[in-house]
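Engineer: Got a structure for you, questions after.
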Amino acid sequence: MKRVYFDYAATTPLDKEVLEKMIPYFSEKFGNPSSIYSEGREARKVIDEARQKVANSINANANEIFFTGGGTEADNWALKGVAFANKNKGNHIITTVIEHHAVLHTCEYLEKHGFEVTYLKVDEYGLIDIEELKTLIKDTTILISIMFANNEIGTVQPIKEIGQIAKEKNIYFHTDAVQALGNVPIDVRDLKVDLLSISAHKIYGPKGIGALYVRKGVKVDNLVHGGAQERKKRAGTENTPAVVGFGEACYLAVTDLLKRNQKTEELRDYLIKSILSTVPNVQLNGHPTKRLPGNANISFEFIEGESLLLSLDLVGISASSGSACTSGSLDPSHVLLAIGLIHEIAHGSLRVTLGKNTNKEEIDYLLEQLPPIVQRLRDMSPLYIQGGK
Ligand SMILES: *Cc1c(COP(=O)(O)O)cnc(C)c1O
């Protein structure tokens, strides 16, 4: 049976071009980039080239890019690194209730270590209120961490406005841009971002590598201590093949971005419109327009997202009921609860995320399979029957 993949927000397949660039660095070109003989120098050179490509993709300087073991590490480092390096200035951090767990659980950890964290609420679309953000800033605020685009509902925040406020108040601003890269143009200078997290496997690069952009002059403690790699900020022998792959993936991610987006948005809107018009008792989650081009998140009343996922899987369709981290647990997604969904509705949610190669045939296959599955699950649901539907 053919499989159709609709979970590009969870991870993406490695691009063929990316893989080809990586392969030599697993075997023939295995030198340690810290070695001064030619094998080492060659590895150093390709790492520097990759760093430049990553920097170009967000309009940063190469010396502001620090490779990490992925998006999660970049988020951990940004928060802990800024918190501990600036605790003489204050102990207050502002974030939002809809962040990825890489940020939320790091904040919980920091709360246990003397930091105070304020969790900004969001509206029904998942957007923060800029005026509310202003009122939360205190003399002790050292960091604002607000995600660029949400991984579950796709809502894109007003990053430039947040950056402006942070700059005026002299507070560091970190954004988790893991979902934004390759989907939204990013210019760290224009947006006035001080720290920004990205990850390769969300943009058709390898897993286990990401980067933290740290604007020149920002004070940040190390997360990982050891050797002198990454200009003494992140120790450990560089993962040369992964770095090379990440550089290439970043280059490809921002090439023809707007053209690619247009195609993806058209398919997404076709998908959303079709579901909303053919399946009763459904609602779209997230913002109607300020959302990632490939994200559709829809709640189906009277059913369980998990049952829906399993039924779709049986007909060859892979999607998500929220984030990969929440699937498998019985707690409804913290993001869906934050936008005001009641537990029952939040539980019946489906996240369909499109990739750059998603085509209309795949969408049509989903549109053909989904309505009868929803109906069958509802027919078995006591809630649906009680509702007299
Ligand atoms: C995937 C993701 C992460 C984690 O990145 P990894 O590279 O998988 O560790 C962090 N934040 C967001 C918004 C994500 O979507």
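The values are calculated or read from the model by the stated rules, or taken from the named source; none is laboratory data. None of these values were measured; they are calculated from a predicted model. Cβ coordinates were reconstructed from backbone atoms using ideal geometry, including for glycine residues, and neighbour counts include every protein chain displayed. When the accessible area is computed, the model is the full protein with side chains, heavy atoms only, and any ligands, DNA or RNA have been set aside. Shrake-Rupley method; radii C 1.70, N 1.55, O 1.52, S 1.80 Å.
Engineer: Identify which of Val224, Val97, Val54 has the largest mean-square fluctuation in a Gaussian network model of the chain, with springs joining Cα atoms closer than 10 Å.
Structural biologist: Sorting by GNM fluctuation, first place goes to Val224.
Engineer: How high is the relative contact order of segment 223-361, in percent, counting Cα pairs under 8 Å that sit 6 or more residues apart?
Structural biologist: Contact order relative to length: 22 percent.
Engineer: Right, another one. By DSSP, what percent of the beta bridges with both residues in the chain are antiparallel, rounded to the nearest 5?
Structural biologist: Once the DSSP bridges in the chain are tallied, antiparallel ones form about 55 percent.
Engineer: Report the gain in length on full extension from Val97 to His343: 0.36 nm times residue separation, minus Cα-Cα distance, nm rounded to one decimal. It would help to have the intermediate numbers written out before the result.
Structural biologist: Details: separation 246, 0.36 × 246 = 88.56 nm, distance 1.64 nm.
Using 0.36 nm per residue and subtracting the Cα-Cα distance, I get 86.9 nm.
Engineer: Of all alpha-carbon pairs in segment 1-92, indicate the percentage at a distance above 18 angstrom.
Structural biologist: Considering segment 1-92, 68 percent of its Cα-Cα pairs are separated by more than 18 Å.
Engineer: Evaluate E = 1/(1 + (r/R0)^6) for Tyr270 and Lys138, where r is the Cβ-Cβ distance and R0 equals 56 Å; express this FRET efficiency to the nearest 0.05.
Structural biologist: After rounding, the FRET efficiency stands at 0.75.
Engineer: Can you send over the carbon and sulfur percentage of the accessible area for segment 206-341, probe radius 1.4 Å, protein chains only?
Structural biologist: After summing per-atom areas, the C and S share lands at 55 percent.
Engineer: What's the angle, to the nearest 10 degrees (0 to 90), between helix 360-379's Cα axis and the longest principal axis of the chain?
Structural biologist: Tilt of helix 360-379: around 50 degrees.
Engineer: Applying a 10 Å radius around every beta-carbon, put 268-280, 345-357, 67-79 in order of their mean neighbour count, most first.
Structural biologist: Ranked from most to least packed, the peptides come out as 67-79, 345-357, 268-280.
Engineer: Take the Cβ-Cβ distance between Glu111 and Met380 as r, set R0 to 51 Å, and report the resulting FRET efficiency rounded to the nearest 0.05. List each step's numbers first, then the result.
Structural biologist: Working: r = 43 Å, r/R0 = 0.84.
Rounded to the nearest 0.05, the efficiency is 0.75.
Engineer: Using a Gaussian network model on the chain with a 10 Å cutoff between Cα atoms, which of Gly340, Gly217, Gly182 fluctuates the most?
Structural biologist: Gly217
Engineer: Quick one: P(r) of the chain from all Cα-Cα pairs, 10 Å bins, percents rounded to integers, in order of increasing distance.
Structural biologist: Calculated over all Cα pairs of the chain, the distribution is 5, 23, 30, 24, 13, 4, 1, 0 percent.
Engineer: If you don't mind, another one. Quick one: net charge around Thr358, please, counting Lys, Arg +1 and Asp, Glu -1 for every other residue with C-beta under 10 Å from its C-beta.
Structural biologist: Every neighbour counted, the sum reads +2.
Engineer: Further question on the same structure: Ranked from highest to lowest mean number of other Cβ atoms within 10 Å per residue, what is the order of the peptides 367-375, 143-151?
Structural biologist: Top to bottom by mean Cβ count within 10 Å: 143-151, 367-375.
Engineer: Please tell me which of these pairs span more than 19 angstrom C-alpha to C-alpha: Lys192/Lys233; Lys29/Lys232; Lys2/Lys259; Lys16/Lys356; Lys263/Lys360? Please report the intermediate quantities before stating the final value.
Structural biologist: Details: Lys192/Lys233 22 Å; Lys29/Lys232 24 Å; Lys2/Lys259 28 Å; Lys16/Lys356 14 Å; Lys263/Lys360 10 Å.
Pairs exceeding 19 Å: Lys192/Lys233; Lys29/Lys232; Lys2/Lys259.
Engineer: Provide the net charge surrounding Val117, with neighbours chosen by a C-beta distance below 11 Å and charges set as Lys +1, Arg +1, Asp -1, Glu -1.
Structural biologist: -3
Engineer: Next question. Relative to the first principal axis of the alpha-carbon coordinates of the chain, what is the inclination of helix 71-85, with its axis defined by its Cα atoms, in degrees from 0 to 90 and to the nearest 10?
Structural biologist: Its long axis makes an angle of about 50 degrees.
Engineer: How far is the Cα center of segment 41-76 from the Cα center of segment 218-248, in Å?
Structural biologist: Cα centres, segment 41-76 to segment 218-248: 8 Å.
Engineer: Another question, if that's okay. Between Tyr25, Tyr119, Tyr37, which gets the highest mean-square fluctuation from a Gaussian network model of the chain, Cα cutoff 10 Å?
Structural biologist: The residue with the greatest mean-square fluctuation here is Tyr37.
Engineer: What's the magnitude of the charge dipole for the chain around its Cα centre, counting Lys and Arg as +1 and Asp and Glu as -1 at the beta-carbon? Answer in Debye, nearest 20.
Structural biologist: Dipole magnitude for the chain comes out near 1040 debye.
Engineer: For the charge dipole of the chain, defined by +1 on Lys and Arg C-beta atoms and -1 on Asp and Glu C-beta atoms about the Cα centroid, which residue among Val244, His105, Met380 has the Cα displaced farthest towards the positive pole?
Structural biologist: My answer, from the dipole projection, is Val244.
Engineer: Ok, one more. Pairing the Cα long axis of helix 240-254 with the longest principal axis of the chain, what angle in degrees results, from 0 to 90 and rounded to the nearest 10?
Structural biologist: For 240-254 against the chain, the angle is about 60 degrees.
Engineer: Which whole-number value in Å² is the accessible area per residue of the chain, probe 1.4 Å? Provide the component values of the computation, followed by the final result.
Structural biologist: Values: 16880 Å² over 389 residues.
Counting only protein heavy atoms, the per-residue value for the chain is 43 Å².
Engineer: Follow-up question, since we're still on this one. Grab the DSSP H runs of the chain that are 4 residues or longer, score each as -39,500 (n - 2.57), total them, divide by all residues and round the 222 nm result to the nearest 500 deg cm²/dmol.
Structural biologist: Working: 14 runs with 156 residues, N = 389.
Result for the chain, helices only: -12000 deg cm²/dmol.
Engineer: Obtain the nm distance between the two label points defined at Gln262 and Ser318 by a simple spin-label model: each point lies 7 Å from its Cα along the Cα-to-C-beta direction.
Structural biologist: 3.0 nm
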